[in-house]
Amino acid sequence: MNSRSTTVIPIAEIGRARPAVAVPEIAVPATGKLLDRLGRPLTDLRISVTDRCNFRCSYCMPKDVFDKDYQYLPHSALLSFEEVTRLARLFADHGVRKIRLTGGEPLLRKNIEVLIGQLAQLRTPEGEPLELTLTTNGSLLRRKAKALAAAGLRRVTVSLDSLDDQVFRHMNDVDFPVADVLAGIEAARDAGLGPLKVNMVVKRGTNEQEILPMARYFREQHGGKVVLRFIEYMDVGATNGWRMDEVLPSAEVVARIGAEFPLVPLEPSAPGETAQRWAYADGGGEIGVISSVTQAFCHDCSRARLSTEGKLYLCLFASAGHDLRPLLRGTATDADISSAIGHIWQGRADRYSELRALRGPDTGEQEAGDKAPRRVEMSYIGG
C-alpha cells in the first residue's frame, strides 16, 4: 500500500515561480516562428482559469490533500479575462495557433463564456481564428454546452474514467454519477462542439477493466463522432501517490481493444500531437493513446502552460514557473511582455519524460530522498 502524506501543500508552494520576469535588454520580435533551444516551435497554449475543481480524483486532486483546509488562490490573484486575452494575443503573435482552457475545472470559473467570447475574436498574423478548445470533467457541461458554443468555443475534451457508476463515483470521490457526464457529452454533440474527445486515465488495479466497455460504448453510441483516448497514469505533481506498477502501458491498451476490434495505425493529425491514433478497421471511428510514461514525446512538444494567476510553465512536469503577472499589472508595454515571452521560450530545454525514460522511471517516491524540487500539481496548470 502506498501511503500519502496528509500535509496540506498551499498553492504558494506548489505554484512557486522563478525570480521576477524581466524585459530582456535585446528585444525578441514576434515573428510567428519562435523556437526553443531544441528547435521546437510554440504553437499550443494551455490556460488554467481556476485552481479549483468539484471532483477529487485520486490521480489529480486526492481528497486527503485537497481538503477543506486547502489554501486556494484568492480571487484577487487570478488573472482577469482581459489580462488572459492580452497574453493570449501576444502568444498568438509568437506562433500559438491553439488555445485550450483548463483548470482545475474550467467551467467553475464564473462567466467563462465571456472569456471564450474575447478569445474567439483573436486572430493569427495571417488573419485566421485560433483553435479554441476546453477540457472539462463534464459535470456542468449539459447546462453550459449551448452557451459555450454560442460564445465561440469550437470543441471540448471530456475526462471520463469509467462507465461503471460505482467505479466512477469511487474515482471522482465525490459520489458524482456517470449518467450526468454522459448527458453532458450528448449536449456538447448537440451544440456542435466537435470533434469531441473523451480522455480516460487508465490506472492499473483501479479501472483497467473499463477499457473495452468504454471502447464499445463510444463506437456504438456515437458512431465515430467521439474520439476515445487512453492516457497512461502519470507522475505529475507530488500528491497523487504515483507508482510505476499502477501504470498500464498504452501498448497493452491497444492490444486489448485490437483483439476485439481490429485496429490500423493512423498518421498524426498535426505536428507535436500527444496521442498516437488508431482507426477501427471496419470504419467505426478511432481511438488514441497518450503514452507519456512509456513512450516520451518531448522531442516535438510545442506546448506552454499559463497558470490561473499568470505563471508561465514550459513543461507539465516543471517545478517552477515564470511570473508574468507583475509585467501585466505594471507599466510594461505589449512589446515588453511579448519580448519577455519570446526570451523565456528561446531558453527552454525541458524534456522531463525523455530523461526519465533514459534513467528508468522511479517507483513513485520523491527523487533523491525528497531533495529534488517538487513538481507542480496538474490541477494547478492543467493536464
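What number comes out for the charge environment of Ala149, summing +1 per Lys or Arg and -1 per Asp or Glu over other residues with Cβ under 11 Å away? Could the numbers behind the result be given before it?
On the way: positive: Lys144, Lys146, Arg154, Arg155, Arg189; negative: Glu113, Asp190.
In short, +3.
Express as a percent, rounded to the nearest 5, the fraction of DSSP beta bridges in the chain (both residues included) that run antiparallel.
Values: 14 of 46 bridges.
In the chain, approximately 30 percent of DSSP beta bridges are antiparallel ones.
Could you size up the charge dipole of the chain around its Cα centre, putting +1 on the beta carbon of Lys and Arg and -1 on that of Asp and Glu, and report it in debye to the nearest 20?
On the way: 49 positive and 49 negative charges, 144 e Å.
Charge dipole, the chain, about its Cα centre: 700 debye, nearest 20.
So which of Lys146/Lys311; Lys110/Lys144; Lys63/Lys146; Lys203/Lys225 end up more than 22 Å apart, counting from Cα to Cα?
Values: Lys146/Lys311 31 Å; Lys110/Lys144 12 Å; Lys63/Lys146 32 Å; Lys203/Lys225 25 Å.
Correct reply: Lys146/Lys311; Lys63/Lys146; Lys203/Lys225.
Enter the Cα centre distance for the pair segment 28-63 and segment 110-164, rounded to the nearest angstrom.
16
Starting from segment 84-175, pick out the trypsin sites (Lys or Arg not before Pro) whose DSSP state is loop and whose Cβ has at most 15 other Cβ atoms within 10 Å.
Numbers: sites: Arg86, Arg89, Arg97, Lys98, Arg100, Arg109, Lys110, Arg123, Arg142, Arg143, Lys144, Lys146, Arg154, Arg155, Arg169; in loops: Arg97, Arg109, Lys110, Arg154.
Within segment 84-175, the qualifying trypsin sites (Lys or Arg not before Pro) (loop, at most 15 other Cβ atoms within 10 Å) are Lys110.
With the other protein chains left in place, how much accessible area per residue, in square angstrom, belongs to segment 18-131 at a 1.4 angstrom probe?
Values: 5240 Å² over 114 residues.
Ligands and nucleic acids excluded, the result is 46 Å² per residue.
How many percent of the accessible area of segment 247-337 is carbon or sulfur, using a 1.4 Å probe?
Numbers: 2000 of 3490 Å².
That fraction is 57 percent.
When Lys and Arg each count +1 and Asp and Glu each count -1, what net charge do the other residues less than 12 Å away from Leu107, Cβ to Cβ, add up to? Please list the in-between numbers first.
Working: positive: Arg52, Arg109, Lys110, Arg142, Arg143, Lys144; negative: Glu105, Glu113.
Taking every other residue near Leu107 into account, the sum is +4.
What do you get for the angle between helix 211-222 and the principal long axis of the chain? Use alpha-carbon atoms, 0 to 90 degrees, nearest ten.
Result, in degrees: 80.
Test of understanding: given the chain, find the longest segment containing no GluC sites (Glu not before Pro) that are in a DSSP loop and have at most 10 other Cβ atoms within 10 Å. If you can, show how the numbers build up before the last one.
Values: sites that count: Glu25, Glu126.
Segment 127-383 is the longest.
Before anything else, pin down the relative contact order of the chain: Cα pairs under 8 Å, at least 6 apart, normalised by residue count, whole percent.
Values: 772 pairs, mean separation 94.2, N = 383.
Once divided by the residue count of the chain, the mean separation gives 25 percent.
Based on DSSP H runs of at least 4 residues, each adding -39500 (n - 2.57), what is the mean residue ellipticity at 222 nm of the chain after dividing by all its residues, to the nearest 500 deg cm²/dmol? Provide the component values of the computation, followed by the final result.
Numbers: 13 runs with 114 residues, N = 383.
Computed ellipticity for the chain at 222 nm equals -8500 deg cm²/dmol.
Tell me the accessible surface of Thr308 in square angstrom (1.4 angstrom probe, heavy atoms of protein chains only), to the nearest ten.
Per-residue accessible area (Thr308): approximately 0 Å².
When the Cα centres of segment 197-220 and segment 285-326 are compared, how far apart do they sit, in Å?
24
The values are calculated or read from the model by the stated rules, or taken from the named source; none is laboratory data. These figures come from a predicted structure and were not determined experimentally. Here the Cβ is made from the backbone with ideal geometry for all residues, glycine too, and neighbour counts use every protein chain on show. These area figures cover heavy atoms from the full protein model, side chains too; ligands, DNA and RNA do not enter into them. Shrake-Rupley method; radii C 1.70, N 1.55, O 1.52, S 1.80 Å.
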